[in-house]
Amino acid sequence: MEDKPIVTATGNQQVSNSPEADNSVLEIWGRHPLTGHVTVSGAKNSALVVMAGVLLCSQPCRLRNIPNLVDVERMAAVLTALGVKIKREADFLDLDPSDISHTRAPYDIVSRLRASFFVIGPLLARMGVARIPLPGGCAIGARPVELHVRGLQAMGADVQIEHGTVHACIPGIRKRLQGANIYLDYPSVGATETLMMAATLAEGETVIDNAAQEPEVADLANFCRAMGARIRGVGTKTLTISGVPSLHSTDYAIVPDRVEAGTFLIAGAITHSKISLSPVVPEHLGAVIAKLQEAGSQVVVESPNRIALIPGAEIQATDIQTLPYPGFPTDMQAQFMALMTLSNGNSMLTETVFENRLRHVAEFSRMGANIRVTGNCAVIQGVPMLSGAPVMATDLRASAALVLAGLGAHGKTVMSGLQHLDRGYEQLEQKLTKLGARITRLEGSAAQAAAESEELTPTELSV
Ligand code: UD1
């Protein structure tokens with residue numbers, strides 16, 4: 001197969017950079033049983049940060065299992081703007097970071113992809129200077145970056161924020177960051193990743209305490225180790241990084257996406273369908289599996305990288321609280337809420353990671369869900385049935401949750417706001433169609449007609 005550049009070194013015209021412009025919709029006919037097997041894509045959050053991590057190395061690297069997503073294209077556009085040469089073939093990316101020509105990331109892309117701020121650590125460590133626009137808040141919260149900044153300062157960087165851009169440089173002539181002891185006030189995924197990457201090329205030893213333990217952080221650490229970094233404590237709260245002068249080329253496959261896998265497990269539970277998934281790392285899904293079992297489903301580990309969801313007769317009300325890993329992931333909160341709307345009883349769902357991540361409640365209510373929100377808590381009184389309705393995705397995971405609600409609802413749901421879905425789910429509707437779901441993407445006038453069509457009469461409802 002011929003190599004296909006997904007972005008050019010001269011610009012980002014090929015990148016779908018206009019989330020605002022997507023007028024297409026998903027039409028979902030609910031209550032169809034699903035069956036079969038889902039192939040889980042590579043983890044979006046690993047892919048993004050591992051791509052940034054390539055900047056640490058001055059030799060070409062190959063990354064495998066990279067999902068084809070708008071967010072991945074955007075990260076590629078940021079790296080291209082910095083001088084990295086990128087080619088995509090199938091699910092792998094070849095990145096050549098030998099000639100970094102710029103140390104300033106372009107605002108128009110950083111503002112569309114928060115994770116692109118994470119290039120600050122590797123760029124600073126390798127080039128001695130990085131100028132990255134502040135990404136700003138997003139639909140789920142303000143998302144400050146002071147933990148990233150304070151950690152880099154502790155490692156000897158001079159960091160100033162001027163006119164909305166973080167200017168970081170390593171003062172003096174040695175141009176290496178210095179190892180430091182860093183305690184994170186909160187186990188931030190992004191801050192842990194930024195500081196771990198920066199520390200790989202620092203002089204001396206860095207200890208990051210209260211580090212995030214998310215599997216994607218461990219995946220980044222393993223990628224850095226494959227390039228020759230010396231990191232101990234991977235997957236624990238304390239990371240110890242002994243800096244090395246340079247890193248080398250590697251060929252690395254990222255882990256499967258635990259959030260995509262969790263979303264499909266809930267698709268099985270909400271449609272009372274048995275489905276299997278692979279590849280997965282079952283331990284990465286520990287909290288989600290525990291809560292699905294509490295809700296009445298069974299999750300069976302069929303082989304080391306394959307699991308199956310066996311649905312229960314009824315969906316039992318279940319409380320959840322989102323927490324840093326290994327707690328229940330905030331990225332699964334909206335999807336679990338979709339399941340709880342159809343449960344037998346009352347559930348309390350508490351969001352502790354992001355301050356504004358319950359906006360999907362209003363959309364579930366349009367479908368007949370009974371949910372009351374106080375602060376960061378949602379009390380969900382299960383209803384016997386949801387009814388399809390026009391709904392609007394408010395953020396990435398909310399978009400998946402509304403698809404799930406649509407699968408479990410009577411009649412037709414028409415979801416707009418697909419630019420959110422396309423950021424983070426590879427071929428969601430194709431994968432669901434393969435399982436037997438009736439879900440279609442409509443564009444242009446067909447999308448408008450679907451959104452405006454009358455509700456179905458009861459005789460037309462599928463069961
Ligand atoms: C990453 C994930 C995102 C996931 C989140 C939590 C990527 C690309 N995104 O986001 O999908 O939902 O982890 O698991 O990997 N915070 C501060 N100051 C900081 C940094 C963070 O107050 O300097 C706060 C945030 O505002 C938020 C909380 O810490 O309330 C968690 O954020 P963090 O773990 O950093 O999430 P991200 O890395 O942005």
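Would you grab the residues whose amide H sits under 5 Å from the one on V166? Only those 5+ places off in sequence or on another chain, please, with H modelled 1.01 Å from N.
I132, L134
To test your reading of the geometry: what angle, between 0 and 90 degrees and rounded to tens, separates the Cα axis of helix 396-408 from the longest principal axis of the chain?
20
Using the alpha-carbon atoms, what tilt in degrees (0 to 90, nearest 10) does helix 70-82 show relative to the longest principal axis of the chain?
20
Can you compute the FRET efficiency between H163 and D185 using 1/(1 + (r/R0)^6), with r the Cβ-Cβ distance and R0 = 41 Å? Round to the nearest 0.05.
Details: r = 27 Å, r/R0 = 0.65.
In this case the efficiency is close to 0.95.
At 0.36 nm per residue, minus the direct Cα-Cα distance, what do A446 and N210 gain on full extension? Give it in nm, one decimal, please.
On the way: separation 236, 0.36 × 236 = 84.96 nm, distance 5.07 nm.
Computed gain between A446 and N210 is 79.9 nm.
Cβ neighbours within 10 Å, averaged per peptide: list 222-232, 125-135, 397-407 in order, most packed at the top.
Sorting 222-232, 125-135, 397-407 by mean packing, highest first, produces 397-407, 125-135, 222-232.
For the peptides 101-112, 256-267, 55-66, what is the packing order when you average, over each peptide's residues, the other Cβ atoms within 10 Å and list the highest mean first? Walk me through the numbers on the way to the answer.
Numbers: 101-112: 17.3, 256-267: 26.4, 55-66: 20.8.
By packing density, highest mean first, the sequence is 256-267, 55-66, 101-112.
Whole-Hz ³J(HN,Hα) for each residue in the stretch 32-40, computed from phi via Karplus 6.51 cos²θ - 1.76 cosθ + 1.60 with θ = phi - 60°, x for glycine and proline: what do you get?
9, x, 9, 7, x, 10, 10, 8, 7
I need the calculated FRET efficiency for the pair V129 and L323, taking r as the beta carbon distance and R₀ as 35 Å, to the nearest 0.05.
On the way: r = 36 Å, r/R0 = 1.04.
Taking R0 as 35 Å, the efficiency between V129 and L323 is 0.45.
Please list, in chain and number order, the residues 5+ apart from H37 or on another chain whose amide H is under 5 Å from its amide H, with Hs placed from the backbone.
S276
Name the residue farthest towards the positive end of the dipole of the chain from the options L277, C57, A378, assuming +1 on Cβ of Lys and Arg, -1 on Cβ of Asp and Glu, about the Cα centre.
Highest projection toward the positive end goes to C57.
Roughly what angle does helix 215-226 make with the longest principal axis of the chain, taking Cα atoms, 0 to 90 degrees, to the nearest 10?
Helix 215-226 sits at roughly 30 degrees to that axis.
Explain nothing, just compute: Karplus ³J(HN,Hα) = 6.51 cos²θ - 1.76 cosθ + 1.60, θ = phi - 60°, for every residue of the stretch 150-155 in order, whole Hz, x for Gly and Pro.
Result, rounded to whole Hz: 5, x, 5, 5, 4, 8.
Would you please give the residues with an amide H less than 5 Å from that of Y183, counting only those at least 5 places away or on a separate chain, with H modeled from the backbone geometry?
D209
Taking R0 as 56 Å, what's the FRET efficiency between H102 and V373 from their Cβ-Cβ distance, rounded to 0.05?
On the way: r = 44 Å, r/R0 = 0.79.
Between H102 and V373 the formula returns 0.80.
Only Cα pairs under 8 Å and at least 6 apart count here; give the relative contact order of the stretch 44-253 as a rounded whole percent. The partial results should precede the final answer.
Working: 474 pairs, mean separation 43.6, N = 210.
Value for the stretch 44-253: 21 percent.
Only helical DSSP H runs with n ≥ 4 go in: add -39500 (n - 2.57) per run for the chain, normalise by residue count and round the 222 nm mean residue ellipticity to 500 deg cm²/dmol. Please list the in-between numbers first.
Working: 15 runs with 141 residues, N = 463.
Helix contribution divided over all residues of the chain: -8500 deg cm²/dmol.
So, with a 1.4 angstrom probe, what is the percent of accessible area on the chain that is carbon and sulfur? Walk me through the numbers on the way to the answer.
Working: 9080 of 17820 Å².
It is 51 percent, rounded to a whole number.
Subtracting the Cα-Cα distance from 0.36 nm times the residue separation, let me have the gained length for S453 to E203 in nm, one decimal. Before the final figure, lay out the partial values.
On the way: separation 250, 0.36 × 250 = 90.00 nm, distance 6.38 nm.
Roughly 83.6 nm would be gained on extension.
With charges set only on the Cβ (+1 for Lys and Arg, -1 for Asp and Glu), what does the dipole of the stretch 44-253 come to about its Cα centre, in debye to the nearest 20?
Working: 21 positive and 20 negative charges, 47 e Å.
So the magnitude is around 220 debye.
Just how much of K87 is accessible, in Å², when a 1.4 Å probe is used and the result is rounded to the nearest 10?
100
For the stretch 255-316, what is the relative contact order in percent, using Cα pairs closer than 8 Å and at least 6 residues apart in sequence?
Numbers: 101 pairs, mean separation 23.9, N = 62.
So the answer I get is 39 percent.
Along the Cα→Cβ direction, 7 angstrom out, place labels at Q430 and E283. What is the inter-label distance in nm?
Here the modelled spin labels are 3.2 nm apart.
Excluding ligands, DNA and RNA, what is the solvent-accessible area per residue of the stretch 44-253 at a probe of 1.4 Å, expressed in Å²?
Details: 7390 Å² over 210 residues.
Accessible area per residue: 35 Å².
The values are calculated or read from the model by the stated rules, or taken from the named source; none is laboratory data. No experiment lies behind these values; they were computed from the predicted model shown. With ideal geometry, Cβ positions are generated from the backbone for all residues, glycine too; neighbour counts draw on all protein chains shown. The protein model used for the area step is the full one, side chains on, heavy atoms only, and it has no ligands, DNA or RNA in it. Shrake-Rupley method; radii C 1.70, N 1.55, O 1.52, S 1.80 Å.
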